[in-house]
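So the structure is just underneath, and the comments pick up after that.
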Amino acid sequence: MIPINAVIITKEKDTLQIIKKFEKENFIILKIVNETSSIIEGINSIQLQKPDLVFLDISFTDDTFFDMLNELEQSIPKLVFISADKQNAVIAFKQNAIDFILKPVDFNSLLLAVYKGIKRIKMERSYQNQVIKALELLNSLNQPNDYVAVSSLDKIELIPMSEIIYCKAEGRCTTFFLQNGKKIVSSKNLGEYSTILDPNYFFRIHHSYIINLRHIVKISKKEGYFCEFPNGVLLAVAKRRQDDFNKFIKLKE
């Protein structure tokens, strides 16, 4: 089993210590990727590290944290609220938390919360995979394969392939950079998309990038191959892929 990643946001040393002790004894199911006492730092950590779970033991005077969370262009992690005040369960319910732990925190409560998170994630991914397979089957039977279904943990988007500039690997996830400047984060890895995207226009120039030939503005061959795109981004073609890339672009001439 791959452990789910978690971020802890708390100013309470007791809460931090017991969660970290729980992680140490249950490393098979949980990995703490960051801990912070600041809401702003917590949001930044969520944006950068894309955790599956967030433990929240902090006072909220308004909805600022949750507003910032909903504005992120990525899947929202599962929330576990921790508090000594039962009234905070109302906030947890309002924010669709997977669990509310009333202090004092014990290992059994943490274990139940983590397994609720694992179960919810598995259910969502199973449903998304079913929908994607149905869409891919429909595309193959009834219409040209002009779209790609991009799944995150909370939604599925159909993106016209012509609007994709390039895709970037982000750990276990993939970020799509689109013509309109929008970014879409998928919960699937880049390798899965390399078999889905139209092979006539998409090429994997590096283990971290797949590019769309239609959006290349210029190819520089000085000290290697570099592809330039309309947004000013320069992406290098890995040395071991340069010969295949050269053949690929010649086929399109």
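The values are calculated or read from the model by the stated rules, or taken from the named source; none is laboratory data. Only a predicted model underlies this, so the values are computations on that prediction, with no experimental measurement involved. Cβ coordinates were reconstructed from backbone atoms using ideal geometry, including for glycine residues, and neighbour counts include every protein chain displayed. We work out accessible area using only protein heavy atoms, side chains counted, and drop any ligands, DNA or RNA first. Shrake-Rupley method; radii C 1.70, N 1.55, O 1.52, S 1.80 Å.
A few comments on the model shown:
- Under 5 Å between amide hydrogens, built in the peptide plane, is the criterion, and for residue 148 it picks out 159, 161 among residues at least 5 positions away or on other chains.
- Which label in [x] 41, 20, 16; [y] 34, 18, 16; [z] 27, 21, 19 gives the computed semi-axes √(5λ) of the Cα gyration tensor in Å: [x]
- Residues whose amide H lies under 5 Å from that of residue 188, counting only those 5 or more places away or on a different chain, are 151, 174; hydrogens are built 1.01 Å from N in the peptide plane.
- Descending semi-axes in Å of region 156-253, equivalent ellipsoid built from Cα gyration tensor: 21, 14, 13
- Whichever lysines have a C-alpha closer than 19 Å to that of residue 221, once near sequence neighbours (fewer than 8 apart) are set aside: 239, 247, 250, 252
- Simple point charges give the picture: +1 on the Cβ of Lys and Arg, -1 on the Cβ of Asp and Glu, and for the chain a dipole about the Cα centre of about 860 debye.
- Per-residue 3J(HN,Hα) values for region 33-48, derived from phi via the Karplus relation 6.51 cos²θ - 1.76 cosθ + 1.60 with θ = phi - 60°, read 9, 6, 9, 7, 9, 10, 5, 5, 5, x, 4, 4, 5, 4, 5, 7 Hz in sequence order (x marks Gly and Pro).
- Positive-end ranking of 92, 193, 160 along the dipole of the chain, with charges on Cβ about the Cα centre, is headed by 193.
- Residue-count net charge about residue 107 - beta-carbon cut-off 13 Å; Lys, Arg +1, Asp, Glu -1: 0
- Here the chain exposes an accessible surface that is 51 percent carbon and sulfur, computed with a 1.4 Å probe and the other protein chains kept in place.
- Karplus-derived HN-Hα couplings along region 187-200 (A = 6.51, B = -1.76, C = 1.60, θ = phi - 60°), whole Hz, x at Gly and Pro: 7, 8, 7, 4, x, 5, 6, 5, 9, 9, 5, 4, x, 6
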